[in-house]
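Values in this text are rule-based calculations from the coordinates and carry no lab data. Given the structure is predicted, the values throughout are model-derived calculations rather than measurements. Note: ideal-geometry Cβ built from the backbone for every residue, glycine included; neighbour counts use all protein chains shown.
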Amino acid sequence: FVTIVFGVAQAFIGLNVQHDANHGAASKKPWVNDLLGFGTDLIGSCKWNWMAQHWTHHAYTNHSEKDPDSFSSEPVFAFNDYPLGHPKRKWIHKFQGVYFIFALGLYWVSTIFNPQVIDLRQRGAQYVGIKMENDFIVKRRKVAIALRAMYIYLNLYCPIANNGFSAATVGIIMLMGVSEAL
């Protein structure tokens, strides 16, 4: 039960606190927004990659070729209304309503081990030509890596170190992650 509550609490951080803070809307003070924006790192994501992806999403909302939210999950999901016969429309998409929740639950794993944290180059933004390479981002790579290492230490290593590596421990870790992702 506590695992599910912890996962849901992390989801609320992602859906509310860090989202609004990274939009500059949580406080009138920029430093408060900056600090609260790191909530995304506390839940296993990365502030700077999230901002690059989200800003690209806002610049090209629902554009089938430029909005990373619309094409980043292809070919598993199709969020664009491709016409019949389009090469990106697959037979499996007829069933995505059935497997969506299960696949979304696994999103947490892909976020935790996302190599884009190392170089802070969000691939969806890069794909459409938005370059986030500047001194500010470059100087924060070490911070991003340290935050990711801290997250993995606290949420993966510590439970295994304290409880042993077992199916139950891995199950509890995954339950927390799935609760967060859903």
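Residues in the stretch 13-51 that are under 23 Å from Val138 (Cβ atoms) and charged (D, E, K, R): Asp34, Asp41, Lys47. Every condition in (1) within 18 Å of Ala181 (Cβ to Cβ); (2) within 16 Å of the chain's Cα centre (by Cα); (3) surrounded by 15 or more Cβ atoms within 10 Å (Cβ to Cβ) holds for Phe79 except the one numbered (2).
Residues in the stretch 115-140 that are under 17 Å from the mean Cα position of the chain (by Cα) and of a type in the set (Lys, Arg): Arg121, Arg123.
All of Leu35, Leu106 fail the test of being on the phi < 0 side of the Ramachandran plot and under 17 Å from the mean Cα position of the chain (by Cα), apart from Leu106.
For (1) free of Cβ contacts under 8 Å to residues at least 12 places away in the same chain; (2) closer than 14 Å to Ser73 by Cα; (3) touching a Leu at 6+ places or on another chain (Cβ under 6 Å), each residue gets a yes or a no:
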| residue | (1), (2), (3) |
| --- | --- |
| Lys88 | no, yes, no |
| Gln96 | no, yes, no |
| Tyr99 | yes, yes, no |
| Leu106 | no, yes, no |
| Ile112 | no, no, no |
| Val117 | no, no, no |
| Gln122 | no, no, no |
